[in-house]
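Data block below; observations after.
The values are calculated or read from the model by the stated rules, or taken from the named source; none is laboratory data. All values reported here derive from a predicted model rather than from experimental measurement. Glycine also receives a Cβ, built like all others from the backbone with ideal geometry; neighbour counts cover every protein chain displayed.
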Amino acid sequence: MITTLVIYGILVICLIFSLLKSKEKTLKAFKVAGQVLKKSAPSLIAVLGLVGLTLGILSPETISRLLGEEAGLIGTLIAAVVGAITLIPSLIAFPLAGSLLRAGSTVMTVAAFITSLMMVGIVTAPMEIKYLGKRFTLMRNGFGFIAALLLAFLMGVIL
């Protein structure tokens with residue numbers, strides 16, 4: 001709770017500073033942010049709904065069996081693959097990770113999911129291939145997936 005208050009306090013201070021420095025630029029930034037929010041709201045609501053339904057349908061015992069201690073390395077691999085395929089904004093992914101932990105997932109499994117989600121882009125690979133080339137895209141995604149698994153293992157050992 002205190003962390004949230006500190007973050008909001010810093011946000012308010014920065015907003016006041018921005019308004020004092022240039023009211024026009026600050027208002028323009030708010031307009032741009034509002035337009036972006038309007039465009040991304042449907043997909044955010046859909047992802048939130050899907051996550052909510054999934055967590056509502058799957059019991060903590062099922063999540064624990066699929067992604068917890070019992071699942072072992074297979075659960076971590078499943079989480080890494082799902083993370084690599086899924087296209088979820090970090091704004092949604094981190095609260096989802098907390099929900100998975102509370103539902104019985106291991107730190108290693110959640111770390112694999114979040115890291116592969118951020119570092120690997122199966123859904124965006126065709127566009128990346130178009131602009132950056134097939135070899136680069138495959139190498140980046142491959143190394144990203146391996147790094148996600150290594151980081152997950154490291155997190156599992158440390159925590």
Do the conditions hold for residue 137, that is, is it among the hydroxyl-bearing types (Ser, Thr, Tyr) and in contact with a Gly (Cβ under 6 Å, 6 or more places away or on another chain)?
no
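Could you please let me know if residue 37 is outside any helix (DSSP H, G or I), at pLDDT below 90 and either of a type outside the set (Phe, Trp, Tyr) or closer than 28 Å to residue 158 by Cα (or both)?
No.
Scan the range 72-85 residue by residue and report those that are surrounded by fewer than 18 Cβ atoms within 10 Å (Cβ to Cβ) and closer than 12 Å to residue 114 by Cβ.
82
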Which one of 71, 147 is part of a helix (DSSP H, G or I) and modelled with pLDDT of 90 or more?
147
Tell me which of these residue 118 doesn't satisfy, since it passes every other one: (1) of a type in the set (A, V, I, L, M, F, W, C); (2) within 11 Å of the chain's Cα centre (by Cα); (3) surrounded by 23 or more Cβ atoms within 10 Å (Cβ to Cβ).
(3)
What are the residues in the range 105-144 that are β-branched (Val, Ile, Thr) and assigned to a loop (DSSP other than H, G, I, E, B), if any?
106, 120, 122, 123, 124
Only unsatisfied item for residue 90, checking (1) under 16 Å from the mean Cα position of the chain (by Cα); (2) small (Gly, Ala, Ser); (3) buried (at least 17 other Cβ atoms within 10 Å of the Cβ), is (3)
Is it true that some residue in the range 88-104 is assigned to a loop (DSSP other than H, G, I, E, B) and modelled with pLDDT of 90 or more?
no
Return yes or no: is residue 84 in contact with a Leu (Cβ under 9 Å, 6 or more places away or on another chain) and either without any contact (Cβ under 8 Å) to a residue 24 or more places away in the chain or part of a helix (DSSP H, G or I) (or both)?
yes
